[in-house]
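*Asks:* One structure follows; several queries about it will come next.
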Amino acid sequence: MADPLVTLAALLQPAFDAVAGRSGVDPVVRPSDRADAQANGALALAKELGRSPRDVAEAVVAEVRRRGDVRGTLEVAGPGFVNIVVDGSFLADEVARVAADDRLGVRPAARARKVIVDYSAPNVAKEMHVGHLRSTVIGDALVRMFEFVGHQVIRENHIGDWGTPFGMLIEHLIDLGEDEAAEHLSLGDLDGFYKEARAKFDASDDFKERARARVVALQSGDAETRRLWQLLVQLSTEYFNLVYSLLDVRLTDADIMGESAYNDGLSAVLDRLGALGLLTESDGAEVVFPPGYTNRDGDPLPLIVQKGKGGFNYATSDLACVIDRVERIGSDLILYVVGAPQAQHLSMVFDVARLAGWLPEGTDAVHVSFGSVLGSDRKMLKSRSGETPKLVELLEEAIARAGEAVAEKNPELADDAKAAIARMLGIGAVKYADLSTDRVRDYVFDWERMLSFDGNTAPYLQYAHARICSIFRRAGIDRSSLRAVVPQIVEKEERALALAVLGFDSAVADTLERYSPHRLCTYLYELATAFTGFYEHCPVLKADGEVRESRLALCDLTARVLERGLDLLGIGAPEQM
RNA sequence: GCGCUCGUAGCUCAAUGGAUAGAGCAUUUGACUACGGAUCAAAAGGUUAGGGGUUCGAGUCCCUUCGAGCGCGCCA
């Protein structure tokens, strides 16, 4: 209950109930630019009661005053808004409570759920490119936040490790020799490997035939073929891990649940759908027709679960995956951090799973969809050579650009410190640029903007944090000693900062409610802006006695929220930069 | 053709159905021996793509037109 908005809503509700003569009236407490908060509930209530909105608002205010449990002043304004300005002492007490809390006022989830976050999902023997950036970064941020509020989180990396391309990839591996291929792949030239295999497949009927035979061998469980496949998977995941390490995301080998993991459940999907009477034979394929989908001709659109030639496809695998997550793992919230183009496919999979009873009431599957990364031409981001940029190259460029800035601005830093900071800034900038806009929209990738120290960027937030750390280096005092201080909230910048700090709880809650990390980003930016105003107008080290201690306490708490908030986004907060 | 998503300041983006639609960049004007100027303050910039509707109240919800992107049977 750190956020005054939440506290006020709870305090105002009984007054609204009393005026309405019933329970459960929403006071509609919202942020306000004319007060600390405004309650809009009277406008909606007026119609129900057949009274004028102002009249209702006045009655509510009178009732609140009678109860006397709101530490602040209320007044009716406009058509019937109730503006609330809380007392400085109230803010001070709330700030002190948050400062004493390791969780910084963030409430644990009302009920802990078992959450599966399905994200990243690169393909074996294929380069990770910008297309994987968003899923990886958004998914990882959500994982961190869900864990922080106390949910049990299971990360799942649904890598593409199965399917017909593996015939040609394994044959190419054999042609190269295992050592040669290992060298090739460990260098990170996954695309080169894939393209060579593809080129041979397209050019040679003989190779094509070998590849086809190899697919059959793979699917039938031939030991040697499986070993070679496993080698490809292993070499690829080692490479993915390098990228994850560079990106500072939490995925490990333990989180890998590739498509192949569901092979054993595929026939069960078919059997169970059949037993439920949901299967229809169509052009030799086994399909399900979930209601509400049509194709080009206006005919019902099927979800194909067994191809005409008897093979299974990704829909089957996705259904087996749902069964695994619900029935074996017992998850009650499954997040698919997957690009928007797959919306229809996932929607059909979810619908079929619901029809089959595999997603029972209370178990939610959510497509956390996101838009594309665009270049300055507003088209899909391409490198200078016109190819899809490799993720590692993008990240290395980010670090290099950040490194130049650090070297220029802070040349006296030791080289290893510079390198560490450059990494936090560069990677942070890329991640923040991705996280800070509404995920459903496309966003424009722009080096200059994301690395700028002005505006809603990672470097700006990191800079605000570093400035605070600088104050403490200079002050030479133990920050933890400040956490029992009840600050003095006097200046308007102190009020603004206190209110901002107290909003952390709601920011995290809002973010999780909509799976939208940009809400936390916006919050952190507003917090940093509030701090900057405070920093300009309220001298800290130059102040004396209790004022100095009070302001130091506000600095400490601000820095902690910034650091924690950035951490929840998967971004580091250096003490110097 | 059908479906989904998007359309907000010159640019990049915000805005759980609430008052006068907010930021940053760029532009213009101020503040420089500064607790980190990698800063701050101010000005200017809008028919929220167009049109209807619901509502006490719409950028937000519904309908429609236009524009953009992406999907639409055996690839994943």
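The values are calculated or read from the model by the stated rules, or taken from the named source; none is laboratory data. What you see is a predicted model, and the numbers here were worked out from it, not measured in a lab. Glycine also receives a Cβ, built like all others from the backbone with ideal geometry; neighbour counts cover every protein chain displayed. In case anyone asks, the SASA skips ligands and DNA or RNA and just uses the protein heavy atoms, side chains included. Shrake-Rupley method; radii C 1.70, N 1.55, O 1.52, S 1.80 Å.
*Asks:* Given (1) closer than 30 Å to A:Ser267 by Cα; (2) in contact (Cβ under 8 Å) with a residue 40 or more places away in the chain; (3) of a type outside the set (S, T, N, Q), where does A:Phe193 come up short, assuming only one miss?
*Replies:* It fails just one condition, (1).
Every residue, every condition in (1) modelled with pLDDT of 95 or more; (2) of a type outside the set (Phe, Trp, Tyr); (3) touching a strand residue (DSSP E or B) at 6+ places or on another chain (Cβ under 8 Å), yes or no:
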| site | (1), (2), (3) |
| --- | --- |
| A:Ala44 | no, yes, no |
| A:Glu58 | yes, yes, yes |
| A:Gly78 | no, yes, no |
| A:Arg97 | yes, yes, no |
| A:Leu104 | yes, yes, no |
| A:Asp118 | yes, yes, yes |
| A:Glu127 | no, yes, yes |
| A:Ser135 | yes, yes, yes |
| A:Arg144 | yes, yes, no |
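*Asks:* Confirm whether A:Glu404 is away from RNA strand B (no atom under 11 Å from the Cβ), in a helix (DSSP H, G or I) and of a type outside the set (Lys, Arg).
*Replies:* no
*Asks:* Kindly check whether there is at least one residue in segment A:487-505 that is near RNA strand B (Cβ under 9 Å from one of its atoms) and either outside any helix (DSSP H, G or I) or aliphatic (A, V, I, L, M) (or both).
*Replies:* So far as segment A:487-505 goes, no, none of its residues is near RNA strand B (Cβ under 9 Å from one of its atoms) and either outside any helix (DSSP H, G or I) or aliphatic (A, V, I, L, M) (or both).
*Asks:* Tell me which residues, restricted to segment A:161-176, are among the acidic types (Asp, Glu) and open to solvent by 20 Å² or more (accessible area, probe 1.4 Å).
*Replies:* The one that is among the acidic types (Asp, Glu) and open to solvent by 20 Å² or more (accessible area, probe 1.4 Å): A:Asp175.
*Asks:* So, one more: Against the definition (over 31 Å from the mean Cα position of the chain (by Cα) and either of a type outside the set (Val, Ile, Thr) or open to solvent by less than 60 Å² (accessible area, probe 1.4 Å) (or both)), how does A:Asn241 come out, yes or no?
*Replies:* no
*Asks:* Among the residues of segment A:167-184, write down those that are β-branched (Val, Ile, Thr) and either outside the structural domain of A:Asp202 (by TED's automatic domain parsing) or more than 36 Å from the chain's Cα centre (by Cα) (or both).
*Replies:* Answer for segment A:167-184, where residues must be β-branched (Val, Ile, Thr) and either outside the structural domain of A:Asp202 (by TED's automatic domain parsing) or more than 36 Å from the chain's Cα centre (by Cα) (or both): just A:Ile174.
*Asks:* Something else about it: Taking A:Gly80 as meeting all but one of (1) on the phi < 0 side of the Ramachandran plot; (2) buried (at least 18 other Cβ atoms within 10 Å of the Cβ), write down the number of the exception.
*Replies:* Condition not satisfied by A:Gly80: (1).
*Asks:* Return yes when A:Tyr463 is hydroxyl-bearing (Ser, Thr, Tyr) and within 6 Å of RNA strand B (Cβ to nearest atom) and no when it is not.
*Replies:* Yes: the conditions hold for A:Tyr463.
*Asks:* When the residues of segment A:466-486 are narrowed to those that are away from RNA strand B (no atom under 11 Å from the Cβ) and not small (Gly, Ala, Ser), which ends up farthest from the chain's Cα centre (by Cα)?
*Replies:* In this case the residue turns out to be A:Ile477.
*Asks:* Considering only segment A:543-559, how many residues are open to solvent by 40 Å² or more (accessible area, probe 1.4 Å) and either in a helix (DSSP H, G or I) or touching a Pro at 6+ places or on another chain (Cβ under 8 Å) (or both)?
*Replies:* Going through segment A:543-559 one residue at a time, the tally reaches 5.
*Asks:* Identify all residues within segment A:426-456 that are under 23 Å from A:Ala340 (Cα atoms), in a loop (DSSP other than H, G, I, E, B) and among the small types (Gly, Ala, Ser); write none if there are none.
*Replies:* Correct list: A:Ser436 only.
*Asks:* Would you say A:Leu251 is assigned by TED's automatic domain parsing to the domain that holds A:Phe201 and touching a Phe, Trp or Tyr at 6+ places or on another chain (Cβ under 9 Å)?
*Replies:* yes
*Asks:* Turning to a different aspect of this structure: If you take the residues of segment A:516-542 that are aromatic (Phe, Trp, Tyr) and more than 8 Å from RNA strand B (Cβ to nearest atom), which of them is surrounded by the most Cβ atoms within 10 Å (Cβ to Cβ)?
*Replies:* Step by step, filter segment A:516-542, then rank; the result is A:Phe531.
*Asks:* Can you tell me which condition A:Gly160 does not meet? The list is (1) within 16 Å of RNA strand B (Cβ to nearest atom); (2) farther than 29 Å from A:Asp191 by Cα, and all the others hold.
*Replies:* (2)
*Asks:* Right, something else. Report every pair of residues separated by at least 6 positions or lying on different chains whose Cβ atoms are under 6 Å apart, first residue within segment A:283-304 and in contact (Cβ under 8 Å) with a residue 12 or more places away in the chain, second more than 7 Å from RNA strand B (Cβ to nearest atom) and among the charged types (D, E, K, R).
*Replies:* A:Pro290/A:Asp351
*Asks:* Look through segment A:27-51, keep the residues that are more than 9 Å from RNA strand B (Cβ to nearest atom) and open to solvent by 60 Å² or more (accessible area, probe 1.4 Å), and return whichever of them is nearest to the chain's Cα centre (by Cα).
*Replies:* Among those that are more than 9 Å from RNA strand B (Cβ to nearest atom) and open to solvent by 60 Å² or more (accessible area, probe 1.4 Å), it is A:Glu48.
*Asks:* Only one residue in A:Ser317, A:Ser376 is hydroxyl-bearing (Ser, Thr, Tyr) and open to solvent by 20 Å² or more (accessible area, probe 1.4 Å), so which one is that?
*Replies:* When all the criteria are applied, what remains is A:Ser376.
*Asks:* Being of a type in the set (Val, Ile, Thr) and within 13 Å of RNA strand B (Cβ to nearest atom) is the requirement here; does A:Thr280 meet it?
*Replies:* Yes, satisfied.
*Asks:* Can you tell me which residues in segment A:245-264 are open to solvent by 30 Å² or more (accessible area, probe 1.4 Å) and assigned to a loop (DSSP other than H, G, I, E, B)?
*Replies:* A:Asp248, A:Arg250, A:Thr252, A:Met257
*Asks:* Do we have any residue at all in segment A:148-160 that's open to solvent by less than 30 Å² (accessible area, probe 1.4 Å), on the phi < 0 side of the Ramachandran plot and in contact with a Cys (Cβ under 9 Å, 6 or more places away or on another chain)?
*Replies:* yes
*Asks:* Does A:Pro291 count as under 27 Å from A:Tyr244 (Cβ atoms), within 15 Å of RNA strand B (Cβ to nearest atom) and open to solvent by 60 Å² or more (accessible area, probe 1.4 Å)?
*Replies:* Spelling it out, it is not the case that A:Pro291 is under 27 Å from A:Tyr244 (Cβ atoms), within 15 Å of RNA strand B (Cβ to nearest atom) and open to solvent by 60 Å² or more (accessible area, probe 1.4 Å).
*Asks:* Another question, if that's okay. If a residue has to be more than 11 Å from RNA strand B (Cβ to nearest atom), more than 23 Å from the chain's Cα centre (by Cα), charged (D, E, K, R) and closer than 15 Å to A:Glu404 by Cβ to count, how many in segment A:414-460 make the cut?
*Replies:* Of the residues in that region, 1 qualify.
*Asks:* Conditions: (1) closer than 30 Å to A:Arg441 by Cβ; (2) within 12 Å of RNA strand B (Cβ to nearest atom). A:Ala559 meets all but one. Number of the miss?
*Replies:* The number of the failed condition is (1).
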